[in-house]
Amino acid sequence: MRRECIDRFLGIPDHCVQGIYFLDKEGRETEADKQVHTVVVELLRTRRGFRCPCGQMYQRYYDVREQHVRDLPWGPWARVWLLVPRFRVDCERCGVKTEALEWIGRGRTYTRRLAEAVALACREVRSIQAIADAFHLSWDTVRAIDKAALARELDPPKLEGLRHLALDEFSIRRRHTYGTIFLDVERNRVVWVCATREKAAVGAVFRDVFGPQICAGIEAVSMDWWEGYEAAVREWLPNAEVVWDLFHVIKKYNHEVVDRVRLQEAQRCQTQQEQRVMKKTKFILLKNRANLVADEPARLRELLAVNRRLFVVYVLRDALKKLWDYTYAKWAAQWFAGWYQRAIHSQIEPLKRFARSLKKRLRGVLAHCRHPINSGVLEGINNKVKVIKRIAYGYRDHQYFFLKIRGHFTGVDPL
């Protein structure tokens, strides 16, 4: 009865426990619990018949050898090894091969259940080294387990029913090295990641990963103003409308209009009073009114009261946001025509250039009326990608890094 309980507790198919050995650091048996460093469980084969990896069954084996296989921790003992008899068969088709065991991966020195536990731990935002220390495994072993588990689960990507897509860049490393995230907007799921943001790389994803059928079913794509994205979408997604995202349009307005006008006005300051009012106002101007704190609202009022050009670009920025409140493209176009006239008549060159550039892309701006999508979720994803990268102190293996990103953002199915 005692041995049957031990066999059931161990849960290894077609094997029973023949002996359990508690070893210290020098590999000698010990009875003192505090000195136990490793537990070795010797297994005995109980099933007759031997199966070749090709599936052919045999009643006789060619030879047998013992193999140590790492298993899950037992209570206070983290290092548990199974001493497993590994039989080889002389297969008519394959030759001499080691018998396949379902609970041990092919060519692995650890059990599948240990690999599943490690892979589950890796789904948390923790470093590989922390998980390796918890399971008393090497860094390379944990990385290999996690990468293999992610590849099995995520490849090939599930693209059926993909209609709305969002593209955005993220930083892989310093010095302007960017990758591209492909997000299924309806499911908030990262379906793919590529190593650059160039047109050729994005087009290759549409051609090789998505395929013609999926590309034909995509109705709208939300993105920023990066020309490579726009060119790739227009070439490979024949039925998709480009939707210019509010976040990125306002971000571009802040960079090309608000910040440039602020710098121009700062250079024109003549008196100490003017310099005092302009000093440290960059982020006050870039913030939304609702996010101003402490003395920032008062400083903003003072700045806009004494500087007409900054007042104009600030007010027109807030007005531009209302364009995304419209649900009918015709009304939105009429409203934009009025905003455009005010921008052109302002005599502020950065604002005029931005207005002309936006007018050329008006169709993509108005497309939000038909497809009310945005890449706001992608901005949150980008922040978490930074955390994943920072915890790992960077990734040398880009393929593994991209799998980690996809593994953290598997999304939900729409109702």
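The values are calculated or read from the model by the stated rules, or taken from the named source; none is laboratory data. As the structure is a computational prediction, the values presented were derived from the model and not from experiment. Because the Cβ atoms are built from the backbone with ideal geometry, glycine has one as well, and the counts that use them run over all protein chains shown.
Annotations
- Once region 224-267 is narrowed to residues that are of a type in the set (Phe, Trp, Tyr) and under 20 Å from residue 181 (Cβ atoms), the residue that is modelled with the highest pLDDT is 236.
- From the list 186, 160, the one residue that fits, being within 19 Å of the chain's Cα centre (by Cα) and in a loop (DSSP other than H, G, I, E, B), is 186.
- Residues located in region 99-123, provided they are over 19 Å from residue 7 (Cα atoms) and surrounded by fewer than 19 Cβ atoms within 10 Å (Cβ to Cβ): 100, 105, 106, 107, 108, 109, 116, 117, 120, 121, 123
- Within region 223-241, restricting attention to residues that are within 25 Å of residue 320 (Cβ to Cβ) and either among the acidic types (Asp, Glu) or assigned by TED's automatic domain parsing to the domain that holds residue 316 (or both), the residue that is surrounded by the fewest Cβ atoms within 10 Å (Cβ to Cβ) is 227.
- Of the candidates 189, 174, 262, 207, the single residue that is under 30 Å from residue 303 (Cα atoms) and either of a type in the set (D, E, K, R) or without any contact (Cβ under 8 Å) to a residue 24 or more places away in the chain (or both) is 262.
- Residue within region 178-197 that is loosely packed, with under 15 Cβ neighbours inside 10 Å and in the same structural domain as residue 386 (by TED's automatic domain parsing) present: no
- Here the helices (runs of 4 or more DSSP H) wholly within region 280-393 that include at least 1 residues being closer than 19 Å to residue 265 by Cβ and either free of Cβ contacts under 8 Å to residues at least 24 places away in the same chain or more than 37 Å from the chain's Cα centre (by Cα) (or both) are 282-286, 296-306, 308-321, 329-344, 349-360.
- Any hit, region 212-223, residues being modelled with pLDDT under 90, assigned to a helix (DSSP H, G or I) and under 19 Å from residue 367 (Cα atoms): no
- Residue in region 27-50 that is of a type in the set (Asp, Glu) and within 35 Å of the chain's Cα centre (by Cα) present: no
- Test: residue in region 104-112 that is in contact with a helix residue (DSSP H, G or I) (Cβ under 9 Å, 6 or more places away or on another chain) and under 14 Å from residue 80 (Cβ atoms): yes
- Filter pass, residue 404 being under 23 Å from the mean Cα position of the chain (by Cα), in a helix (DSSP H, G or I) and modelled with pLDDT under 90: no
- Residue match in region 33-50 (condition: surrounded by 14 or more Cβ atoms within 10 Å (Cβ to Cβ), at pLDDT below 95, in a loop (DSSP other than H, G, I, E, B) and polar (S, T, N, Q)): no
- Flag if residue 328 is loosely packed, with under 14 Cβ neighbours inside 10 Å, aromatic (Phe, Trp, Tyr) and not assigned by TED's automatic domain parsing to the domain that holds residue 179: yes
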